């Protein structure tokens, strides 16, 4: 555990529609989440581009949270005693994963256009993060195409630091731990830790713990390589039998039964393997909805949200331990 910075956190409100963060239901959702012993919360903001090959990042007035929404959520989080990571995220209308945003190396003018747009987007939220006192800002999430552009990424970080004085975190995908040489320019390296930790024959808690411990050996080497603390900027799994074989997958498989215990064991294993590492600085689990269903309906949900499921108690047990 990095005692100077340890995020007992969760991501809240992803894909909340415009206006939703300012509702009474959203306030109650954040209150319930905070009651699990959190000291941090990650608040994402969703921007868009038309396709993975587009050069313009923009806000959609139906889907992007307004600045008032974001500021309201930040103030609510602060009233609950939480520190905040603001996480501006780009998504594609063609449903391409944001890691696929990329251009051929011979077409550098496309990267110039895209980075002009992305930098404007990021600096807008960096200014909001500074003005509202957010303790952390995430400068990108699973953007492998972008992250290959080392000089442009370093320039982006320099521009952000002129506007924002807090902790700068950058979120890469698992498997990319040594891929981008510029990551030493940020303060914290975040990992989307959707590591597969079981197979069809063995989905035991013991197997999950062993697999996560193998991952920590790689992450410790990444820490030594870059000289920066490591966190799980995203991590989670759905409550579906077999989910720990493909934790990143958000598709429902009706042929598979629900399995709250497998989800809960994933939480238990991840924290068992990482909690006491001095180079490790915490978690922003994925994800808690801004509007929750009635508690009696919670167990019918098969999404990443752990509200009303066994994994919520596992989280609370870890986050409230001395």
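Values quoted throughout were computed directly from the atomic coordinates according to the rules given, and no laboratory measurement underlies them. Quick caveat, the model's predicted, so the values are computed rather than measured. Backbone-built Cβ (ideal geometry, glycine too); neighbour counts: all protein chains shown.
Tabulated data for the structure shown
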item: Candidates 254, 196, 293: whichever shows maximal mean-square fluctuation once the chain is modelled as a Gaussian network with Cα springs under 10 Å; result: 254
item: Percent antiparallel among DSSP beta bridges (both partners in the stretch 102-229, rounded to 5); result: 10 percent
item: Helix-only mean residue ellipticity at 222 nm for the chain, each DSSP H run of n ≥ 4 adding -39500 (n - 2.57), per residue, nearest 500; result: -11500 deg cm²/dmol
item: Residue 61-residue 277 pseudo-label distance in nm [points 7 Å out on the Cα-to-Cβ vector]; result: 4.6 nm
item: Cα gyration tensor shape of the chain, rounded if a/c is under 1.5, else prolate or oblate by comparing a/b with b/c; result: rounded
item: Spacing of the two label points (7 Å from each Cα toward its C-beta) at residue 218 and residue 124, in nm; result: 3.5 nm
item: Virtual paramagnetic centre 7 Å along Cα→Cβ of residue 241, amide N under 16 Å, in the stretch 282-322; result: 302
item: Contour minus Cα-Cα distance for residue 80 and residue 39 (0.36 nm per residue); result: 13.9 nm
item: Zone of residue 23's modelled label, taken as backbone nitrogen in the stretch 286-309 under 13 Å from a point 7 Å along Cα→Cβ; result: 289-294
item: Two-site FRET efficiency, residue 131 against residue 261, from Cβ-Cβ distance with R₀ of 41 Å, rounded to 0.05; result: 0.40
item: Beta bridge orientation in the stretch 7-319: antiparallel %, DSSP, nearest 5; result: 10 percent
item: Label-point gap, in nm, between residue 97 and residue 15 - each point 7 angstrom along Cα→Cβ; result: 1.6 nm
item: Separation of alpha-carbon centers, the stretch 104-172 and the stretch 262-284, rounded to whole Å; result: 28 Å
item: Relative contact order computed over the chain (Cα-Cα under 8 Å; 6+ residues apart), in percent; result: 22 percent
item: Net lengthening on full extension, residue 201/residue 297 (0.36 nm per residue, minus Cα-Cα); result: 31.5 nm
item: Burial ranking of peptide ranges 189-195, 123-129 (average Cβ count within 10 Å, highest at the top); result: 189-195, 123-129
